[in-house]
1. How many of the residues making up the range 9-32 are touching a strand residue (DSSP E or B) at 6+ places or on another chain (Cβ under 7 Å) and surrounded by fewer than 19 Cβ atoms within 10 Å (Cβ to Cβ)?
2. Just to be sure I understand, how many residues within the range 9-43 are under 19 Å from residue 80 (Cα atoms) and free of Cβ contacts under 8 Å to residues at least 12 places away in the same chain?
3. Just the residues that are over 18 Å from residue 87 (Cα atoms) and out of contact with any strand residue (DSSP E or B) (no Cβ under 8 Å at 6 or more places or on another chain), please, taken from the range 44-63.
4. Considering only the range 58-80, state which residues are loosely packed, with under 14 Cβ neighbours inside 10 Å and in a helix (DSSP H, G or I).
5. Looking only at the range 49-57, decide whether some residue is in a helix (DSSP H, G or I), at pLDDT 95 or above and buried (at least 16 other Cβ atoms within 10 Å of the Cβ).
């Protein structure tokens, strides 16, 4: 796990396993399916910090998560699950 001071939103979505690739993560963000702190974000380069609350309107469910940390590369589901806490939505 890594500090979040420099973790891009699109990269975090991939390492946390909400998107399979960076380009799919960028598409999710650009199409307005991601909110940070309740505000729609359309820039995948936005920096995340621990404690940020994301609302993810994914094809299979809408999930609300609190970011706990980041990672340099995509790992197992178990490792990815340590990067966030589910706090609401259909995925809780």
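The values are calculated or read from the model by the stated rules, or taken from the named source; none is laboratory data. These numbers were taken from a predicted model, which means no experiment stands behind them. Here the Cβ positions follow ideal geometry from the backbone for every residue, glycine too, while neighbour counts run over all protein chains shown.
1. Final tally of qualifying residues: 1.
2. 5
3. 59
4. Within the range 58-80, 77, 78 meet the criteria.
5. No, that holds for no residue.
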